Amino acid sequence: MIQLDKVGQVFESRDGSVHALEGIDLEVQENEFVTLIGRSGCGKSTLLRLIAGLLEPTNGWVQVAGELVTAPRPDVSVMFQRPALLPWRSVLSNVMLPVEIAGGDRGQYRDRAHELLHLVGLNGFENKRPHELSGGMQQRVSLCRSLITRPKVMLMDEPFSALDALTRAELSEELQRIKMELSTTIVFVTHSIEEAILLADRVVVMTPRPGQIREIVDVRIPRPRTLGIHADAAAVAKVSGQLHTLLMAPA
Amino acid sequence: MIQLDKVGQVFESRDGSVHALEGIDLEVQENEFVTLIGRSGCGKSTLLRLIAGLLEPTNGWVQVAGELVTAPRPDVSVMFQRPALLPWRSVLSNVMLPVEIAGGDRGQYRDRAHELLHLVGLNGFENKRPHELSGGMQQRVSLCRSLITRPKVMLMDEPFSALDALTRAELSEELQRIKMELSTTIVFVTHSIEEAILLADRVVVMTPRPGQIREIVDVRIPRPRTLGIHADAAAVAKVSGQLHTLLMAPA
Amino acid sequence: MSAAPEPTRPRRSGSTLANWLLPLLGFIVVLGLWWAATIVFAIDDFLLPSPGDVYVAFREQPGYLLDQSLVTLIETVEGFLLAIVAGVPLALLIVRSVVLERVLYPLMLAVNAIPKIAVAPLLVIWMGFGQAPKVVLVFLVCFFPVVISTASGMKSTPVELVELLRSLNATRSQEYFKLRFQYALPQIFVGLKTAISLAVIGSVIAEFVGATAGLGYVIVTSGASADTALAFAAMALLGVISIVLFYGLVLLEKKLLPWAEESR
Amino acid sequence: MSAAPEPTRPRRSGSTLANWLLPLLGFIVVLGLWWAATIVFAIDDFLLPSPGDVYVAFREQPGYLLDQSLVTLIETVEGFLLAIVAGVPLALLIVRSVVLERVLYPLMLAVNAIPKIAVAPLLVIWMGFGQAPKVVLVFLVCFFPVVISTASGMKSTPVELVELLRSLNATRSQEYFKLRFQYALPQIFVGLKTAISLAVIGSVIAEFVGATAGLGYVIVTSGASADTALAFAAMALLGVISIVLFYGLVLLEKKLLPWAEESR
Amino acid sequence: GGNPDSTSGNKGEKVSYLTSFGTFGREAYAYVALEKGYFRAAGLDVTITPGSGTVDVMKLVAGGQADYGVGDFTAFLITSSKQHLPVTTVGMIHQRSLAAIVALEGSGINKAGDLVGKKIGDQPGSTNQVMFPVYAKASGIDPKSVQFVPAAPPALPALLVSGQVNGIGQFVVGKPTIEKAAKGKKAVVLPYGDVLPDLYGNALLTRQDVVKENPEQVKKFTTALLKGLADTIADPSAAADILKKYVPETDVAVATAELQIMRDYVKPPSYTGPIGAIQREKVSTVEATLDTADALESDLFNIGDYVSFDLAPKA
Ligand SMILES: Nc1ncnc2c1ncn2[C@@H]1O[C@H](COP(=O)(O)OP(=O)(O)OP(=O)(O)O)[C@@H](O)[C@H]1O
Ligand SMILES: Nc1ncnc2c1ncn2[C@@H]1O[C@H](COP(=O)(O)OP(=O)(O)OP(=O)(O)O)[C@@H](O)[C@H]1O
Ligand SMILES: Cc1ncc(C[n+]2csc(CCO)c2C)c(N)n1
Ligand SMILES: [Mg+2]
Ligand SMILES: [Mg+2]
């Protein structure tokens, strides 16, 4: 579904050039859930922005669904760290924003919007404004918005990192459920090892300066996975320790 | 060291009164490390503010070192979720702020400030301004500031929650080390079960509406504790599961 | 991030009674002091008329003064609206082009620095005695704050929101009209509130020269015939117009932007 | 939170040459258009003198004009400083007392709404022909923005910082001087930058009435002898004074508050 | 309420007119001509707008914003010699100058000689200020012994009454206004005309090209306006009532008093010519007076360009 071939990204700034990414080769299968993990500044967001078509790589090329990426695509949706809701719009009209921008048939999508809001437990909140919701609820709205146009690919840049650990756990579990119902390919950036393991089919571990892929770790734990007491504690602890070592050690 | 007796706190607001805390009985021993965990709004910050003397309880009483708390005490220091550094001051002069406010002998404390900055790995950054540091470094400065006056009690309100998971792990381990070197009593609020277990001698689990103590869980894992692969994985998983159940279940 | 109120944010203290009573009290105290001063120091009324004198001056020709107020009000509002109509699109251009910004900002600063009172006679010579030069002067006075606040509001749109729209493949005009402009509205209102006080002053200044009506005209003519009380009555009416327009904008803002107050 | 630059924040584009060249270009284009207009439409120079006429007017008596500029500059700066000296403490009181705030804000709004040009003759009548009424007028004009910006800056001090100082058992005056005032400085500078343009205009307005020197006086007298070119030269000097004072404040801010630009 | 910007309402040739300064009683004659239909009868549709002083009137007439206006003849000549505005005189409202220094009774100023060492407030560039050296010399005092402080015309009465200045430059007709402001104190008026009898007062001005291209209109307008002026000095109180009709803030008593004073300046007791006439010899005298005072800027100044003797009423 997504193919990156020798992708490199160099930013020119006043104090010289920054090699944000170098020689990134990565293939993400259809319907796969990949998490990206790495220290601050190792180029995770840059990688996501390249796939989203918000940035053009200075080296190599990026393909989505077999086509070269040159601009944002309608079948790829992006979700950011912060909910990024328009404060003057109601919950429903925030969810409908992508449809409105694309000029689609609103009537048809409105039902879907209601369904999605129901799915994330926000039925009854359609006409509230964002500031009337808690942070977790806002991030749920943002999730619905990124699902409204049935994207083939979802790119998520630390979507839950501003939430408290408990809300975060809830939303991670919800995301797994949704992922199983709607088949999409997901690339998910996170700082949290726990979250990376909980969600991923594969965890891509990155190292900074220049941003490179250090290792790709397969997570072979059966789904649905949950936090807390569970049968696979040992397997989780093993992967967790492995990731920890990879991240903490010098490159 | 700290004693709370039938402490209750009611806030009067326009839409009626909020019972933030009710019937809190808690005793923290000298040199003990207690973590408070609970969902948003269950009164953790309120409890900390009561101990700090920033708020007077509407019911019951609070004692620190055998004395009734009525105002902030010089031997109690508070550390907040965000670094709360004064942006116009250098790192050193931010660390020295409590001394300056108290009107103490600066010369004597300046050496201590340098020692503390060395302890947290910030030697060489004394004359930088906060905006020149990363979030983790800023929070380290804030830690030094709360240690400068050798407080008997440290109250920490989610001090690491704005940091990324890796920096957070580093700082948690550092805090344990410092705690072992300097003997202080610490009450530490967190949202993260992982963190609560890593740091605490006892974990206080709170439930909201009204804010009450649900259970106090002893953590009998030998120190120093680390994240990642370790011998006590099973013990950690057990406590973790227990806390998870306590927090997720309805009160 | 939680929906619960932040514990330490200072709350608006209590009753709406205090909202009205305290400002009123302030005005009454000031009026009282003023009146007392005119009596105690036996100040001649052409130097400083007492509030009573001013009230009498108003009562003598309320209809006339209200008519003049209306003239001033209309000029003010027209020039103000014109500044919005011209200033907002210009701000848009400035936000879109760094070159335009660099070229226009210092020019606007310089134009803004020219005392409008010195421009007023020139406008009359160029445009005659009608409403036109007054409206233009109000426009000149309001233009700068409107442009500055609109431009800086649009520029302060968080990158995350701009990037969101980009990721949705939004066109440039969608980016500006569905996002930046809306986002800038609270800050635009700050500019409008600054501009409206200036607007009133602008129309009065314009009426000092070549006017046949309006409160500025009343102030000039009453000054020339040493009727200070009448001049004060006109100034009091100007104060009223200013305050009414200002709080009108505040109300409009509350109506239009209920989200702005709570969400920032 | 990381120390690395935010990836999507727009960078200041390039060279310092463009910083100077573009505004200069703007000025040159405007001067050119103006000059062309006076030639093409054969506009009489008492209606609109050409830039050349204005330059000639300046060259005829540069020393005199610079002297007058100095007079205006001194009045402006004095009144401006006075407004700071009086406005900042008042803002402190307003921040400390909700009652005072409620009482004083609408009053200040009303006073601000009175056109200062109407007050100028009264000031001369009360205070005579010296510098006093000019400085007072400048003061009146600057006072409001200084108070408002200082008060709102101090109020916007994050609760977490205030709570930090409280937890350190800081006294009230430590809270205000070690924290709130310092924190408010960037916003105070916004107010000062607004005030400085107003200050120049204020001193000119004051000089329209009962002055024997200053650029405002030059404008009135040259207007009274239909010497429009001289009036324009004086206005151009006013523009220069305004811009110099404004960028002086900008520089001062950069010097005093290096932390303000980067950390917010 | 009323609007002083008034038209006769019928369809005639559109003509605009500026008073010399504001809408004081002294300006009533234009409203009288309008009210009595003299303009309409001449086929003119006249709009009256208050002016703001001689130089402003000159600029507005020169710039085409008004066709006719009234301004002080002396100030007009002095300004014309410097700036060469395309404006000319087509009639004379006052045969004697109204310029004066006004003081208050009890201030020790009773004659020109008392002005030595005193402070006089006046609008910069006004006739009163410009002609003061001539007046002072004619009165036998040193012009430099009197200090002039500039102030806007609207502020002058208050400055005098408040004691900030000892005297102010005013037109003689300003006396009632000053006395009203002074609360019963009498005003002392020192008219320049007493020692400089040849100075004219206000003149009727128009653009030079109007004179060239439409002399008929100029004649008709001048005639109608002067007819209003004649009626006004014949019955000042009726004229004040008419003014009040157009300008509601008029104080009829003050306006009447002004017009009564003005009578002797429009038609001085010794004057035998028609109202509004311009005499060549007198203009030459004025020019010579100004020349000796060094008040005229340019040697190229040709006074014939600025006075249209042909169009004014003939003696
Ligand atoms: N537009 C840009 N111009 C210059 N440098 C940039 C730009 N965008 C990113 N960088 C640099 O590229 C590197 C990678 O940045 P990126 O934001 O992708 O990291 P990240 O892994 O997402 O970090 P974080 O975990 O903090 O979000 C950093 O060193 C950053 O400073
Ligand atoms: N000053 C106050 N006035 C009114 N209500 C308050 C005040 N401070 C706190 N509350 C209320 O008291 C309750 C407890 O608040 P508190 O901040 O102690 O919770 P918390 O556990 O720290 O939450 P979080 O995890 O979100 O920080 C909440 O319902 C809150 O709305
Ligand atoms: C109330 C009042 N009315 C008329 C004048 C006369 N006036 C107005 S402007 C000016 C100067 C000529 O340009 C003169 C003499 C005045 N001073 N005050
Ligand atoms: Mg990132
Ligand atoms: Mg809290």
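The values are calculated or read from the model by the stated rules, or taken from the named source; none is laboratory data. In this text, all values refer to a predicted model and were calculated from it rather than measured experimentally. Cβ atoms come from the backbone with ideal geometry, glycine included; neighbour counts cover every protein chain shown. SASA here: full protein model, heavy atoms, side chains in, ligands and nucleic acids out. Shrake-Rupley method; radii C 1.70, N 1.55, O 1.52, S 1.80 Å.
In table form, for the structure just shown:
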| item | result |
| --- | --- |
| Candidate set: the stretch E:63-95, residues that are in contact with a strand residue (DSSP E or B) (Cβ under 8 Å, 6 or more places away or on another chain) and open to solvent by 10 Å² or more (accessible area, probe 1.4 Å); chosen: the one nearest to the other protein chains (Cβ to nearest Cβ) | E:Gln65 |
| Residues being within 13 Å of another protein chain (Cβ to nearest Cβ) and open to solvent by less than 30 Å² (accessible area, probe 1.4 Å) - total across the stretch B:101-121 | 1 |
| Residue in the stretch A:168-179 that is nearest to ligand 5 (Cβ to nearest atom), counting only those that are open to solvent by 10 Å² or more (accessible area, probe 1.4 Å) and more than 14 Å from chain B (Cβ to nearest Cβ) | A:Arg177 |
| Complete set of residues in the stretch B:127-136 that are more than 7 Å from chain D (Cβ to nearest Cβ) and either open to solvent by less than 40 Å² (accessible area, probe 1.4 Å) or in contact with a Gly (Cβ under 6 Å, 6 or more places away or on another chain) (or both) | B:Gly136 |
| Residue check, B:Ile148 more than 26 Å from A:Ala162 (Cβ to Cβ), away from chain A (no Cβ under 12 Å), in contact with a Pro (Cβ under 7 Å, 6 or more places away or on another chain) and modelled with pLDDT of 90 or more | yes |
| Some residue of the stretch D:231-250 being free of Cβ contacts under 8 Å to residues at least 40 places away in the same chain, surrounded by 15 or more Cβ atoms within 10 Å (Cβ to Cβ) and of a type in the set (Ser, Thr, Tyr) | no |
| Conditions (1) within 14 Å of chain E (Cβ to nearest Cβ); (2) in contact (Cβ under 8 Å) with a residue 12 or more places away in the chain: number failed by D:Ala224 | (2) |
| Residues (in a helix (DSSP H, G or I), crowded, with 24+ Cβ neighbours inside 10 Å and among the small types (Gly, Ala, Ser)) located in the stretch D:181-222 | D:Ala184, D:Gly191, D:Ala195, D:Ala199, D:Gly202, D:Ser203, D:Ala206, D:Gly216 |
| Some residue of the stretch C:163-175 being hydroxyl-bearing (Ser, Thr, Tyr), in contact (Cβ under 8 Å) with a residue 24 or more places away in the chain and either open to solvent by 20 Å² or more (accessible area, probe 1.4 Å) or within 16 Å of ligand 5 (Cβ to nearest atom) (or both) | no |
| Yes/no for E:Pro157 being within 24 Å of D:Val124 (Cα to Cα), within 23 Å of the chain's Cα centre (by Cα), surrounded by fewer than 23 Cβ atoms within 10 Å (Cβ to Cβ) and within 14 Å of chain D (Cβ to nearest Cβ) | no |
| Residue that is least open to solvent (accessible area, probe 1.4 Å) [pool: residues in the stretch B:1-49 that are within 13 Å of ligand 2 (Cβ to nearest atom) and of a type in the set (Asp, Glu)] | B:Glu22 |
| Which numbered condition B:Gln81 misses (of (1) under 28 Å from B:Thr190 (Cβ atoms); (2) out of contact with any strand residue (DSSP E or B) (no Cβ under 7 Å at 6 or more places or on another chain)) | (2) |
| Filter result (facing chain A (nearest Cβ under 10 Å), outside any helix (DSSP H, G or I) and under 33 Å from the mean Cα position of the chain (by Cα)) within the stretch C:154-172 | C:Pro158 |
| Top-ranked residue in the stretch C:21-48 [being in contact with an Asp or Glu (Cβ under 9 Å, 6 or more places away or on another chain) and not hydrophobic (A, V, I, L, M, F, W, C); ranked as farthest from C:Asp227 (Cα to Cα)] | C:Thr38 |
| Close pairs (6 angstrom Cβ cut-off, 6 or more residues apart or separate chains): more than 15 Å from B:Thr207 (Cα to Cα) in the stretch B:25-48, away from ligand 1 (no atom under 16 Å from the Cβ) and open to solvent by 20 Å² or more (accessible area, probe 1.4 Å) anywhere | B:Glu27/B:Gln3; B:Val28/B:Met1; B:Glu30/B:Met1; B:Asn31/B:Ser183; B:Glu32/B:Asp201; B:Phe33/B:Asp201; B:Val34/B:Arg202; B:Leu48/B:Asp157 |
| Qualifying residue in the stretch C:107-125 (condition: within 27 Å of D:Phe46 (Cβ to Cβ) and more than 24 Å from the chain's Cα centre (by Cα)) | yes |
| Yes/no for C:Leu47 being modelled with pLDDT of 80 or more and not small (Gly, Ala, Ser) | no |
| Residue ID - farthest from D:Pro158 (Cα to Cα), chosen from residues in the stretch B:50-71 that are facing chain D (nearest Cβ under 8 Å) and open to solvent by 20 Å² or more (accessible area, probe 1.4 Å) | B:Ala71 |
| Qualifying positions in the stretch B:151-167 - at pLDDT below 85, in contact with a helix residue (DSSP H, G or I) (Cβ under 7 Å, 6 or more places away or on another chain) and open to solvent by 10 Å² or more (accessible area, probe 1.4 Å) | B:Ala162, B:Leu163, B:Ala165, B:Thr167 |
| Positions within the stretch E:231-270 being small (Gly, Ala, Ser) and more than 16 Å from the chain's Cα centre (by Cα), in sequence order | E:Ala234, E:Ser237, E:Ala238, E:Ala239, E:Ala240, E:Ala253, E:Ala257, E:Ser270 |
| Top-ranked residue in the stretch E:123-154 [being open to solvent by 10 Å² or more (accessible area, probe 1.4 Å) and of a type in the set (Gly, Ala, Ser); ranked as nearest to ligand 5 (Cβ to nearest atom)] | E:Ala152 |
| In the stretch A:180-194, residue nearest to ligand 1 (Cβ to nearest atom) [restricted to those that are crowded, with 18+ Cβ neighbours inside 10 Å and at pLDDT below 85] | A:His191 |
